[in-house]
Amino acid sequence: MTNRVSPEQAAQFERTKHIWAPRGNDVHGFCEAMLTRQELPETDYGEWTAELQDCWLLRDSEPLAVEYRLCDSRKGVGGSFDFLVRTTNGKVVLGDLKTVGNETAVDRRKPAVAQLGGYLAMLIDHHPKLTVDWCYTVVVGPGRCRLIQNEPDECLGAWVDAWDSFKLQELPF
C-alpha cells in the first residue's frame, strides 16, 4: 500500500525490529490462543498478555474468526485480520491488535482505520450477508490496554482514500 513513512522512520523501524517484532508475534499468538480457547502460551510479555485477558472485548465475546485470511483479487491485495467477534450484546466487531512498548505509547498509537477498512471491504466481497457493527483497534502495552472504536463506514472511507492515494502514486501521469 502507500508508504506513509519517511526514510528516517523506515530506518528507525529496522533499527528497532529486534524489539517490536518478537513482542508483536508473541502477544498476537497469545491473543489468538485466548480467542480460540487454546492453552495460553508462556511469553516474555506478561504485562501485555495480562491486559489482553482483562479486555472485555476479547474476554467476553464469541469469536467468529481469528487470524482470518482474505484477498481482493481485482486489486491484488490480501491480508489476515486479527479477529471478528460477536459481543455479549450481539454486535459484530472486526478488530486489529497493536502492541506498543510503553504506557505512553498506548495513548499515542493511532487507530488502524484504513487497515480495518481494507479487511472490511474484503469481508463484504466474500461474505456479503455479514454485517459488521463496529471496528476496533486494540492497543496493548505493558500494564495498559486501550480500545479505539470506529464506525465501519469511516474505515471503508479511509481504505478507499488509501487505495486511491496508492493508485495515484502508481500512475505515470
Exercise. What label, among (1) 15.9, 51; (2) 16.6, 54; (3) 18.6, 54, belongs to Rg and Dmax of the Cα atoms in Å computed from the structure on display?
Worked result: (2)
Problem set entry | Relative packing of peptides 47-53, 31-37 - highest average C-beta neighbours within 10 Å first | 47-53, 31-37
Seminar exercise, completed: Summing +1 per Lys or Arg and -1 per Asp or Glu among the other residues with Cβ less than 15 Å from Glu47's Cβ gives -3
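Provide the percentage of antiparallel DSSP beta bridges, counting only those with both residues in region 58-159; round to the nearest 5.
In region 58-159, DSSP labels about 75 percent of beta bridges as antiparallel.
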Exercise. Can you give the helix-only mean residue ellipticity at 222 nm for the chain, where every DSSP H stretch with n ≥ 4 adds -39500 (n - 2.57) and the sum goes over all residues, rounded to the nearest 500 deg cm²/dmol?
Worked result: -15000 deg cm²/dmol
Exercise. Of the residues Val85, Val139, Val77, which exhibits the maximal mean-square fluctuation in a Gaussian network model of the chain defined by a 10 Å Cα contact cut-off?
Worked result: Val77
Exercise. Using θ = phi - 60° and the Karplus curve 6.51 cos²θ - 1.76 cosθ + 1.60, what whole-Hz ³J(HN,Hα) does each residue of region 150-163 get, with Gly and Pro shown as x?
Worked result: 10, 5, x, 5, 4, 5, 4, x, 5, 5, 4, 4, 5, 5
Problem set entry | Antiparallel %, DSSP beta bridges [both residues in the chain], to 5 | 75
Exercise. So if R0 is 41 Å, what FRET efficiency would Phe166 and Ile19 give, r being the distance between their Cβ atoms, rounded to the nearest 0.05?
Worked result: 0.90
Exercise. What shape does region 60-134 have by the C-alpha gyration tensor, where a ≥ b ≥ c are the square roots of the eigenvalues, rounded means a/c under 1.5, and otherwise prolate means a/b greater than b/c and oblate the rest?
Worked result: oblate
For this session: Return the lysines within reach of Lys167: Cα separation strictly under 28 angstrom, same-chain partners fewer than 8 residues apart disregarded; answer none if there are no such residues.
Result: Lys75, Lys98, Lys110
For this session: Find how many whole Å separate the alpha carbon centroid of region 121-147 from the alpha carbon centroid of region 7-78.
Result: 13
Seminar exercise, completed: If one builds a Gaussian network model of the chain from Cα atoms under 10 Å apart, the most fluctuating residue listed among Gly95, Gly141, Gly78 is Gly78
Exercise. Lys98's amide H: which non-local residues (gap 5+, or another chain) put their own amide H closer than 5 Å, with H modeled 1.01 Å from N in plane and none for Pro or chain starts?
Worked result: Val138, Val139, Val140
Exercise. Among Phe83, Phe30, Phe13, whose mean-square fluctuation peaks in a Gaussian network model of the chain (Cα, cutoff 10 Å)?
Worked result: Phe13
Seminar exercise, completed: Residues meeting the amide H criterion for Phe81 (H placed from the backbone, H to H distance under 5 Å, 5 or more places apart or on another chain) are Tyr68, Leu70
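Quick note: the coordinates plus some simple rules give every number you see, no bench work behind them. Predicted, not measured: the structure shown is a model, and the values here were computed from it. Because the Cβ atoms are built from the backbone with ideal geometry, glycine has one as well, and the counts that use them run over all protein chains shown.
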